[in-house]
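Structure first, commentary second.
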Amino acid sequence: MRSWHFGSLALSVLLVGSAALSAGPAWARASHHRAGPSGVLKVGLDVANVTLDPAVSHAVEDGQVEDQIFNALLTMTPQEKVAPGLATHWTESANGLVYTLFLRHGVTFTDGTPFNASAVVYNIERVLNPATASPRASLLGSVKSVTAVNPYEVRIVLNTPYGPFLEGLAQAPGDMSSPAAIQKWGSAYGQHPVGTGPYMLKSWVAGGDVTLVANPHYWQPGLPKMGEIVFIPIVNSQSMATALNTGEIDIADTVDPTVISDVNTSVAKVPVKPSLGFFMLNLNQKQAPLNNLWARRAIEYAINRAVINKVVFNGTATPGYSEFSPASWAYDKALSMPFSDAMAKAALQKAGMPHGFAITMQIQNQPTFITFAQVIQSELGAVGIKVTIQTLDQATYLTNLNSGNYQLDYVDDSGGLDPDGDYIFNVGSSDILKNGFNDPAVTNLMNLGRTVSNPLRRRDIYEQVAKDMLEQVPYIFLEYPAITRGLSNHVQGFVSYPNAAQFCLDTVTLGG
């Protein structure tokens, strides 16, 4: 499942007793009789959850819980291949405009209502409805119509070919919610989610634990394995390592690289895996001084990525210059930007600001983000750019982001399964980051990349997009962080994905 994380210290809501579910990949499942799930799996999240409505959620941590509550129409394998989900198979027309999905029979939502073609139409139309304001709508391309041909067949017609369309159905836009539950709860649905997956919501304490219970009528035989999953927000990175060591949690969604060595290897391990994700700065060109290209380039030149990797990531990250990490087929290893204080000062001269300028950077109150911001503050200070760090709660942070009320902004993104899939490049009318970047040449390239099917040609297109973005500096891509999940030595059956937002726990058990 695709999700975005702008850093987060979540503002949560009181939720009690609601039904919901998620999915693990159908390709990995063996059919066998259910022995009856039992036991409690405890998972540490580095922030609290905000909403469990996949159509509107932003944070990676929300997506990680949603993965247990919802099934998507399709799934992605750890090798980033599209596989069956709630749709058992599909067809695509020769012109790339018509997709027909054939649905699983006998699946129900956990509120007892049936999963069928009408539910699919309802969900997709909800994501596409501007009133929903879904940050995921662009993952479906330009949809002309969605029709229920019969109870188990859905036809989707596109206005223009969209190469990554199937990948979109394997991410948040493909997560199926109960239409009855959405209609019942309205705007509060995110606190009362209902899906078709292996687990459903039992309780949600304001700002605290989210408890899920096994779906007794789950459609995949023998799953899930655990009776309950408890998601526990643990904001402090040292506390997360301690929680692993003491057995307070069985899995940590992430272990800060600076405290990996504090995890007792006789109790738990922290595999370091390549990811599709990236860390970047988002520069608001609607406001001075960042409406000046040379001011933005000064910031780009002044940042030493090697220092960030050492201080923030303990050497586990890879320097980044575009959205596309080494785990992506669109990665361009030749792309780079020099670190040079001299070049930064020369850029400030060209900007008409030889003595630098002052700027405010908004972040959320999480230790990794604070350390990251302090490194940026130090690096830019060396060339006369004074950075004030503004630490915000998530509600205020997202309000500022969505209204464009910021200057410099920090983004931690879990990365896209397809190069087009990240909202950052869905510029123009969407402009979700509200930073004023709207270059027709980049928009044209992105539109072309959606319609071209040849992988080599698409790679050429995205390489040009990355070069254009590097020159214009609407964002500054800095690092590709590794996935560093903490796993108790008792955890068995956990599958790692290159997208940090994919977090399937239905096959996980706790051994002796």
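The values are calculated or read from the model by the stated rules, or taken from the named source; none is laboratory data. As the structure is a prediction and not an experimental result, all values here were calculated from the model. Here Cβ is always computed from backbone atoms with ideal geometry, including for glycine, and neighbour counts include all displayed protein chains.
A few comments on the model shown:
- Scanning the stretch 467-490 for residues that are aliphatic (A, V, I, L, M) and outside any helix (DSSP H, G or I), we see that the one that is nearest to PRO319 (Cα to Cα) is LEU478.
- Members of the stretch 168-184 found to be surrounded by fewer than 24 Cβ atoms within 10 Å (Cβ to Cβ) and in contact (Cβ under 8 Å) with a residue 40 or more places away in the chain, listed by number: PRO179, ALA180, ALA181, ILE182
- Hits in the stretch 144-169 - residues which are aliphatic (A, V, I, L, M) and either at pLDDT below 95 or in contact with an Asp or Glu (Cβ under 9 Å, 6 or more places away or on another chain) (or both): VAL146, LEU166
- Residues of the stretch 374-394 that are hydroxyl-bearing (Ser, Thr, Tyr) and either outside the structural domain of VAL307 (by TED's automatic domain parsing) or over 23 Å from the mean Cα position of the chain (by Cα) (or both): SER378, THR388.
- Unique match (being modelled with pLDDT of 95 or more and within 23 Å of LEU470 (Cβ to Cβ)) among ALA358, ALA334, ALA330, ALA382: ALA382
- Picking from residues in the stretch 115-131 that are assigned to a helix (DSSP H, G or I) and free of Cβ contacts under 8 Å to residues at least 24 places away in the same chain, the one that is farthest from HIS58 (Cα to Cα) is GLU125.
Yes or no, residue by residue, for (1) under 21 Å from the mean Cα position of the chain (by Cα); (2) at pLDDT below 95; (3) aliphatic (A, V, I, L, M):
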| site | (1), (2), (3) |
| --- | --- |
| SER178 | no, no, no |
| GLU228 | no, no, no |
| ALA252 | yes, no, yes |
| PRO257 | yes, yes, no |
| LYS273 | yes, yes, no |
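- Residue satisfying condition, being assigned to a helix (DSSP H, G or I), under 30 Å from ILE234 (Cα atoms) and touching a Leu at 6+ places or on another chain (Cβ under 8 Å), within set ALA395, ALA373: ALA395
- Residue within the stretch 321-337 that is over 25 Å from the mean Cα position of the chain (by Cα), closer than 26 Å to LYS434 by Cα and touching a residue at least 60 places away in the same chain (Cβ under 8 Å) present: yes
- Of the strands (runs of 3 or more DSSP E) entirely within the stretch 145-256, none holds at least 3 residues that are in contact with a Cys (Cβ under 9 Å, 6 or more places away or on another chain) and under 30 Å from MET446 (Cα atoms).
- Residue in the stretch 338-366 that is surrounded by the most Cβ atoms within 10 Å (Cβ to Cβ), counting only those that are in a loop (DSSP other than H, G, I, E, B) and free of Cβ contacts under 8 Å to residues at least 60 places away in the same chain: GLY356
- Residue, modelled with the lowest pLDDT, within the stretch 425-457, restricted to residues that are over 18 Å from SER138 (Cα atoms) and assigned to a helix (DSSP H, G or I): PRO455
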